[in-house]
Amino acid sequence: DVHGSGDHVVVGSLDRRLVWFDLDLANTPYKTLKYHERALRSVGFHPRYPLMASASDDGSIHVFHSMIYSDLMRNPLIVPVKVLRGHNVVNSLGTLAMVFHPTQPWLFSAGADGKIHLFQDL
């Protein structure tokens, strides 16, 4: 997913890594995070709030406070906030997709268990 500023990109991988690229800094990863037990299926920034999340086959969603400063001398701030659970793992697949609400601090998720969840208490 690309941040609203256009200068930051997050990518999730099947090897459990969430990789953050700061395109102003370099073409190599700025930060690599490894919080999940299984493959990542979806990652994204909130369009309005300083939030980022990653969804995984372990059935969980990790929410991060991700503050990006306009001052190029300050590095982005990434702080784990909450782990959301609600999807059961079915045939080694957990949370398949997640997306933030465009204006509220809410997160929608879809899982291999056939359920869709709305998390409002981020």
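The values are calculated or read from the model by the stated rules, or taken from the named source; none is laboratory data. If you're wondering where the values come from, they're calculated on a predicted model, not measured in any experiment. We place every Cβ from the backbone using ideal geometry, glycine too, and count neighbours over all the protein chains shown. The accessibility values were calculated without ligands, DNA or RNA, using every heavy atom of the protein model including side chains. Shrake-Rupley method; radii C 1.70, N 1.55, O 1.52, S 1.80 Å.
All conditions but one from (1) farther than 21 Å from His3 by Cβ; (2) without any contact (Cβ under 8 Å) to a residue 40 or more places away in the chain; (3) open to solvent by less than 70 Å² (accessible area, probe 1.4 Å); (4) not polar (S, T, N, Q) apply to Asp121; the one that does not is (3).
Every residue, every condition in (1) surrounded by fewer than 15 Cβ atoms within 10 Å (Cβ to Cβ); (2) touching a Phe, Trp or Tyr at 6+ places or on another chain (Cβ under 8 Å); (3) assigned to a strand (DSSP E or B), yes or no:
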position: Arg41; (1), (2), (3): no, no, yes
position: Ala55; (1), (2), (3): no, no, yes
position: His62; (1), (2), (3): no, yes, yes
position: Ile78; (1), (2), (3): no, yes, yes
position: Leu96; (1), (2), (3): no, no, yes
position: Pro105; (1), (2), (3): no, yes, no
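When the test is whether a residue is in contact (Cβ under 8 Å) with a residue 60 or more places away in the chain and open to solvent by 30 Å² or more (accessible area, probe 1.4 Å), His3 passes it. Quick one: is Asp113 open to solvent by less than 40 Å² (accessible area, probe 1.4 Å) and in a loop (DSSP other than H, G, I, E, B)? It is true that Asp113 is open to solvent by less than 40 Å² (accessible area, probe 1.4 Å) and in a loop (DSSP other than H, G, I, E, B). Selection of first residues in region 81-101 that are without any contact (Cβ under 8 Å) to a residue 60 or more places away in the chain and of second residues that are assigned to a strand (DSSP E or B) and among the basic types (Lys, Arg), restricted to Cβ pairs under 9 Å at least 6 apart or on distinct chains, gives the following pairs, ordered by first then second residue: Leu93/Arg41; Gly94/Arg41; Thr95/Arg41; Leu96/Arg41; Ala97/Arg41; Met98/Arg41. Within region 28-38, can one find any residue that is under 21 Å from Gly4 (Cβ atoms), out of contact with any strand residue (DSSP E or B) (no Cβ under 6 Å at 6 or more places or on another chain) and open to solvent by less than 50 Å² (accessible area, probe 1.4 Å)? No, there is no match, as no residue in region 28-38 is under 21 Å from Gly4 (Cβ atoms), out of contact with any strand residue (DSSP E or B) (no Cβ under 6 Å at 6 or more places or on another chain) and open to solvent by less than 50 Å² (accessible area, probe 1.4 Å). Scanning region 65-76 for residues that are surrounded by 16 or more Cβ atoms within 10 Å (Cβ to Cβ) and not in a loop (DSSP other than H, G, I, E, B) yields a single hit, Ser66. All conditions in (1) surrounded by fewer than 16 Cβ atoms within 10 Å (Cβ to Cβ); (2) free of Cβ contacts under 8 Å to residues at least 40 places away in the same chain; (3) more than 12 Å from the chain's Cα centre (by Cα) hold for Ser13, with the sole exception of (3). If you go through region 52-70 and keep only what is touching a strand residue (DSSP E or B) at 6+ places or on another chain (Cβ under 6 Å) and of a type in the set (D, E, K, R), you end up with just Asp57. Every test in (1) assigned to a loop (DSSP other than H, G, I, E, B); (2) open to solvent by less than 70 Å² (accessible area, probe 1.4 Å); (3) farther than 23 Å from Phe21 by Cα is passed by Leu84 save one, and that test is (1).
So, of the residues in region 16-27 that are modelled with pLDDT under 90 and either aliphatic (A, V, I, L, M) or part of a loop (DSSP other than H, G, I, E, B) (or both), which turns out to be most open to solvent (accessible area, probe 1.4 Å)? Top of the filtered list is Asn27.
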